[in-house]
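Here is the structure we will look at.
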Ligand SMILES: [Zn+2]
């Protein structure tokens, strides 16, 4: 089954991972800018990283027969550093017209500090001002509930930013309802140890239905799984859900959300009509 | 929230057939972890907030709440609402250090 992984840190992955994803039906990935696992020492480090996301990764993806799009922003883990954040944000508007840049992301909170909230709020304002889609990271583990609440509170201060243009990612059972109730898209991140397992993601689809729900692997430099989405598909089949429902979650939904950017093109050979049918 | 649930077509018995073994395994793993801690130092179950949180979560497992996952997620969450004034460390640990005996 064709699928789209809307949150894949391919810069951390090998060419073999691209090939495996393509072999399992992945036709497009979108890659949010994130923390490398260590702090960059200068804003110029971000220049190079953004160039990698905008120029190098699309070539690697194309070699595997996949589309590659990106999101630019100051990641939550480094966003407490205000000096660096101001420099990085200054660079973003000039990069937004890039042909594969879908919007601002992944932005949001990590330890829910006042500095992080300031940087996050500035980036939401930037997205609203430039009419961009937004991809938001919500904090891990014990910080997720509090961080998600504040994340949503800030979004509500920007009525110019339509809720349907915002994806609040890494939702779990205790945050997904508030995100969906706000009219936002909710992303379920399939991680082997934290976030959501495939069976729990299927549980949430069963409980809330597929509307405005997305799943992704978020494969990065930590324990994570490039083939998380096909494993989710297998779990949906194990639960004996219809192919039409599975297709809706792993293909039609991302097309609907990402397609709000005029830069997002359907993969070659897929028409808009076919995109909304089981396949 | 006005949303359309999509229940699994599997019957209750089929759900048990499908998921019993892996969940049996999980609960044995938790028991083994607690025994391992006891062998190391039985008092850690009282002194380490993460192990205390786990014990509270185990209590939720035997409740009849229809929202056990949410209940456990909340129990493991920071319930405060004020931002941290400064960054203390980069990462979360998985449980909130609530005062001993407090909720
Ligand atoms: Zn990410």
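Under 20 Å from the 7 Å Cα→Cβ point of residue B:2, by amide nitrogen: which residues of the range A:200-241?
A:207-213
Label points 7 Å out from Cα along the Cβ direction at residue A:181 and residue B:64: separation in nm?
Between residue A:181 and residue B:64, the simple spin-label model gives 2.6 nm.
Between residue A:38 and residue B:11, how high is the FRET efficiency from 1/(1 + (r/R0)^6) when r is the Cβ-Cβ distance and R₀ = 56 Å? Nearest 0.05.
Efficiency at R0 = 56 Å is approximately 0.65.
Could you give the angle, 0 to 90 degrees to the nearest 10, between helix B:12-41's Cα long axis and the longest principal axis of the Cα atoms of chain B?
Value to nearest ten degrees: 20.
Is the C-alpha gyration tensor of chain B telling us rounded, prolate or oblate? Criteria: a/c under 1.5 is rounded; beyond that, a/b larger than b/c is prolate, otherwise oblate.
Details: a/c = 2.45, a/b = 1.30, b/c = 1.89.
It is oblate, given that a/c is not under 1.5 and a/b is not larger than b/c.
In nm, give the distance between the simple-model label positions of residue A:95 and residue A:22, each being 7 Å from the Cα along the Cα-to-Cβ direction.
Inter-label distance under the simple model: 2.5 nm.
Between residue B:41 and residue A:130, how high is the FRET efficiency from 1/(1 + (r/R0)^6) when r is the Cβ-Cβ distance and R₀ = 56 Å? Nearest 0.05. Intermediate results must be reported in sequence, preceding the final value.
Details: r = 56 Å, r/R0 = 1.00.
E between residue B:41 and residue A:130, to the nearest 0.05, is 0.50.
In which sequence would A:72, A:161, B:34 go, from the one with the fewest C-beta neighbours within 10 Å to the one with the most? Each step should come with its number before you reach the end.
Working: A:72 27, A:161 20, B:34 16.
The order, fewest Cβ neighbours first, is B:34, A:161, A:72.
Got a sec? How would A:4, A:117, A:136 order by Cβ neighbour count within 10 Å, fewest to most? If you can, show how the numbers build up before the last one.
On the way: A:4 27, A:117 21, A:136 32.
Ordered from fewest to most neighbouring Cβ atoms within 10 Å, A:4, A:117, A:136 come out as A:117, A:4, A:136.
Take the Cα of residue A:121, step 7 Å along the line toward its Cβ, and report every residue of the range A:153-191 whose backbone nitrogen sits under 18 Å from that point.
Under 18 Å, as judged by backbone N against the label point of residue A:121, lie A:153-161 of the range A:153-191.
So what is the relative contact order of chain A, in percent, for Cα pairs below 8 Å that sit 6 or more residues apart? Can you show the working numbers first?
Working: 520 pairs, mean separation 52.8, N = 279.
Reported as a whole number, the value is 19 percent.
When chain A is treated as a GNM, springs tying every alpha-carbon pair under 10 Å, which of A:61, A:22, A:234 comes out with the largest mean-square fluctuation?
Fluctuation is largest for A:234.
In degrees from 0 to 90, rounded to the nearest 10, what is the angle of the helix A:114-130 Cα long axis to the longest principal axis of chain A?
Long axis of A:114-130 versus the principal axis of chain A: about 70 degrees.
Partner chain Cβ atoms within 10 Å, averaged over the residues of A:108-118 - can you pull that number for me? Walk me through the intermediate numbers first.
Details: counts 0, 2, 5, 10, 8, 6, 6, 5, 3, 2, 1.
Whole-number average of other-chain Cβ neighbours for A:108-118 is 4.
May I ask you to sort A:203, A:16 by Cβ crowding, counting other Cβ atoms within 10 Å and putting the fewest first? Don't skip to the end; give the middle numbers.
Details: A:203 17, A:16 10.
Going from sparsest to densest Cβ surroundings: A:16, A:203.
Among A:123, A:260, A:193, determine the one that fluctuates most according to a GNM of chain A built with springs between C-alpha atoms less than 10 Å apart.
A:193
Using only DSSP helix segments of four residues or longer, with each worth -39500 (n - 2.57), what per-residue ellipticity at 222 nm results for chain B after dividing by its residue count and rounding to 500?
Calculated at 222 nm, the ellipticity per residue is -17000 deg cm²/dmol.
In bins 10 Å wide, starting from 0, what share of all Cα pairs of the range A:29-122 does each bin hold, as a percent?
Reading upward from the zero bin: 17, 49, 27, 6, 0.
Over all directions, the average projected area of the alpha-carbon convex hull for the range A:129-228 comes to how many nm²? Don't skip to the end; give the middle numbers.
Numbers: hull surface 26.4 nm².
Directional mean of the projected Cα hull area for the range A:129-228 stands at 6.6 nm².
How large is the helix-only mean residue ellipticity at 222 nm for chain A, computed as the sum of -39500 (n - 2.57) over DSSP H runs with n ≥ 4, divided by its residue count, in deg cm²/dmol to the nearest 500?
On the way: 12 runs with 112 residues, N = 279.
Mean residue ellipticity at 222 nm (helix-derived): -11500 deg cm²/dmol.
Rounded to the nearest 0.05, what FRET efficiency is calculated for residue A:86 and residue A:260 with R0 set to 25 Å and r the Cβ-Cβ distance?
Details: r = 29 Å, r/R0 = 1.14.
The pair residue A:86/residue A:260 has a calculated efficiency of 0.30.
Modelled label-to-label distance, residue B:29 and residue A:200, 7 Å Cα→beta-carbon offset: nm?
Between residue B:29 and residue A:200, the simple spin-label model gives 1.2 nm.
On average over all directions, what projected area in square nanometres does chain A have, based on the convex hull of its Cα atoms?
Values: hull surface 51.5 nm².
Result: a mean projected hull area of 12.9 nm².
Note the angle between two axes, namely the Cα long axis of helix A:198-208 and the longest principal axis of the Cα atoms of chain A, as a number of degrees from 0 to 90, rounded to the nearest 10.
With both axes taken from Cα atoms, the answer is about 90 degrees.
Values quoted throughout were computed directly from the atomic coordinates according to the rules given, and no laboratory measurement underlies them. Just so it is clear, the model here is predicted, and its values are computed rather than measured. Using ideal geometry, Cβ is built from the backbone for each residue, glycine included, and neighbour counts are taken over all protein chains shown.
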